[in-house]
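Just so you know, all these numbers are worked out from the coordinates, no wet-lab data involved. Because the structure is a prediction, the values reported are computed rather than measured. Note: ideal-geometry Cβ built from the backbone for every residue, glycine included; neighbour counts use all protein chains shown.
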Amino acid sequence: MEFPDFVYLCRQFMNKPKTMSTSPRIPQSITESIAAKEAMLNDNDFLSRIESAAQMITSSLRGGGKIHFCGNGGSAADAQHLAAELSGRFYFDRPPLNAEALHCNTSYLTAVGNDYGYDLVFSRLLRGTAKAGDVIVGISTSGNSKNILKAFEVAQEMDVKIIAMTGESGGQMKEYADILLNVPSTDTPRIQESHIMIGHIICELVETALFGGKQ
């Protein structure tokens, strides 16, 4: 009877969950991300501004407008991501919505960046494709991206509404914004995580307003 007992004990040991030490930075990063989102959750004014942004975009689309997104680096990825949620689909199948990120044509981007300067890559395309009643959504963690500021200047000239998604200070972009969504954080990754959450909420609200709820 000793041998089976020994096998049993070995199997029990092998099946026992192994305890592993993890970097303290992992729970710390998650906690910081939650803290930024909780700060927004507890700020009724911020929640109201998210709703106002969704209503602005919905109104523009209903009137035949277009939603222009722009950002640099990770924020360019967010801009493209959110444009795709509108022009493709979010929760359910429905007609496409007129939304586009301004950086997606690499031939245009490199030509204008080379010939005119990178600061003008968004503003020049906006001037050629936008009209009064459209909306531009500029995404920048610092709020100071020069090419977005130039695009906002053109937007004001053309009566294009401006939504700025930034970090806590709002940077220079807050001076141009019709609606400022300034995430209450100074940590770039935490700001970017919050930007995509806010963008998803806006996309859901827009889709629901135009086509009804989840299907």
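How many of the residues in the range 163-215 are of a type in the set (A, V, I, L, M, F, W, C) and in a helix (DSSP H, G or I)?
Residues in the range 163-215 being of a type in the set (A, V, I, L, M, F, W, C) and in a helix (DSSP H, G or I): 13 in total.
(1) buried (at least 16 other Cβ atoms within 10 Å of the Cβ); (2) not in a helix (DSSP H, G or I): which one isn't true of N144, the others all being true?
(1)
Let's see how each residue does on (1) touching a residue at least 12 places away in the same chain (Cβ under 8 Å); (2) among the polar types (S, T, N, Q); (3) loosely packed, with under 11 Cβ neighbours inside 10 Å:
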residue: I34; (1), (2), (3): no, no, no
residue: A39; (1), (2), (3): yes, no, no
residue: I50; (1), (2), (3): yes, no, no
residue: M56; (1), (2), (3): yes, no, no
residue: H68; (1), (2), (3): yes, no, no
residue: L82; (1), (2), (3): yes, no, no
residue: Y91; (1), (2), (3): yes, no, no
residue: N98; (1), (2), (3): yes, yes, no
residue: A101; (1), (2), (3): yes, no, no
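Name the single residue, out of those in the range 86-125 being part of a helix (DSSP H, G or I) and touching a Cys at 6+ places or on another chain (Cβ under 8 Å), that is nearest to A54 (Cα to Cα). Break it down into steps so the answer makes sense when it comes.
From the range 86-125, those part of a helix (DSSP H, G or I) are 86-87, 106-115, 118-125; that's our starting set.
Going one step further and asking which of them are touching a Cys at 6+ places or on another chain (Cβ under 8 Å), we end up with 86, 122.
Values: L86: 12, F122: 22 Å.
Step by step, filter the range 86-125, then rank; the result is L86.
Could you tell me whether G128 is assigned to a helix (DSSP H, G or I) and under 25 Å from Q192 (Cβ atoms)?
Details: assigned to a helix (DSSP H, G or I): yes; under 25 Å from Q192 (Cβ atoms): no.
Spelling it out, it is not the case that G128 is assigned to a helix (DSSP H, G or I) and under 25 Å from Q192 (Cβ atoms).
Taking the criterion of being in contact with a strand residue (DSSP E or B) (Cβ under 9 Å, 6 or more places away or on another chain), closer than 20 Å to I163 by Cβ, in contact (Cβ under 8 Å) with a residue 60 or more places away in the chain and surrounded by 15 or more Cβ atoms within 10 Å (Cβ to Cβ), would at least one residue in the range 107-128 satisfy it?
Scanning the range 107-128, I find no residue that is in contact with a strand residue (DSSP E or B) (Cβ under 9 Å, 6 or more places away or on another chain), closer than 20 Å to I163 by Cβ, in contact (Cβ under 8 Å) with a residue 60 or more places away in the chain and surrounded by 15 or more Cβ atoms within 10 Å (Cβ to Cβ), so the answer is no.
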